[in-house]
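Input: a single structure, listed below in structure tokens.
The values are calculated or read from the model by the stated rules, or taken from the named source; none is laboratory data. None of the values given here were measured: they were computed from a predicted structure. For accessibility, only protein heavy atoms count, side chains too; no ligands or nucleic acids. Shrake-Rupley method; radii C 1.70, N 1.55, O 1.52, S 1.80 Å.
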Amino acid sequence: MDNEPDAPRPAASDHGAHLIDLIVNQDDAAQSWLRFFFTIESALAAAFLLLINNGGHVAGAPRWFMPAVSLLIPLLGVVFTRALMRIVLRQNQWQIWFIRRYNALPGADRVFPPDIGRDGAVELQPDGYVSRIVRHIGRWITLAWLVIALLVVIAFFWPDLKPYVSGLLPVSWRSGG
């Protein structure tokens, strides 16, 4: 696709063709953001696994490095997941909005279903099928990163946190009875 010459541009008054171009461009942008999202998440997972498989030792690094980076990677995973999911979902909302605009043109060919989306601003557009799947994947990836972060906290920081946590527990729980 990248080596193909650009298609001739429609005449200035051909709003339908402009909207079709915008819809196709929105779809390409959403797919590019999804590829970027999975690349970032894969790189973070690979970095985390490399750190864990290294046995907790990085030559020449201070003692705090391994616990800090082991916690930083899952937290970055959560932040990137949430941010990139919002971007992808917003791209899909724009695509639906452009489809609504195309369908509203007088005499427009019925290329898209007429009942897609709703009237109003971009942020009012509902999730489509793909957006719902992307939203669920994002939630599961966020949950996985949070579980990993919790396991890192327990593995590295539990001895230091135990006195604080046990002070918050009821007396009956502290004695084990």
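Values for this structure:
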{"quantity": "Rounded percent of accessible protein surface that carbon and sulfur make up, the range 26-177, 1.4 Å probe", "calculated": "67 percent"}
{"quantity": "HN-Hα J in Hz across the range 112-121 - Karplus 6.51, -1.76, 1.60, θ = phi - 60°, x for Gly and Pro", "calculated": "10, x, x, 9, 6, x, 8, 5, x, 5"}
{"quantity": "P(r) weight above 24 Å for the chain, C-alpha pairs, percent", "calculated": "58 percent"}
{"quantity": "With Cα atoms, 0 to 90° folded angle of helix 65-104 axis to the chain main axis", "calculated": "20 degrees"}
{"quantity": "Sum of -39500 (n - 2.57) over DSSP H runs of 4+, divided by residues of the chain (222 nm, nearest 500)", "calculated": "-23500 deg cm²/dmol"}
{"quantity": "Probe 1.4 Å - accessible area at F80, Å² to nearest ten", "calculated": "80 Å²"}
{"quantity": "Helix 158-168 vs. the chain, principal-axis angle (Cα, 0 to 90°, nearest 10)", "calculated": "90 degrees"}
{"quantity": "The chain, relative contact order in percent, only Cα pairs under 8 angstrom and at least six apart counted", "calculated": "26 percent"}
{"quantity": "Relative contact order for the range 59-123, counting Cα pairs under 8 Å that sit 6 or more residues apart, in percent", "calculated": "28 percent"}
{"quantity": "Cα pair distances of the range 85-177 binned at 10 Å [whole percent]", "calculated": "14, 25, 18, 13, 14, 10, 5, 1"}
{"quantity": "Order of exposure, largest accessible area first, which applies to S131, S42, S166 with probe 1.4 Å", "calculated": "S42, S166, S131"}
{"quantity": "Between 0 and 90°, nearest 10: helix 129-152 axis offset from the chain longest Cα axis", "calculated": "10 degrees"}
{"quantity": "Per residue Cα convex hull volume in Å³ - calculated over the range 105-153", "calculated": "90 Å³"}
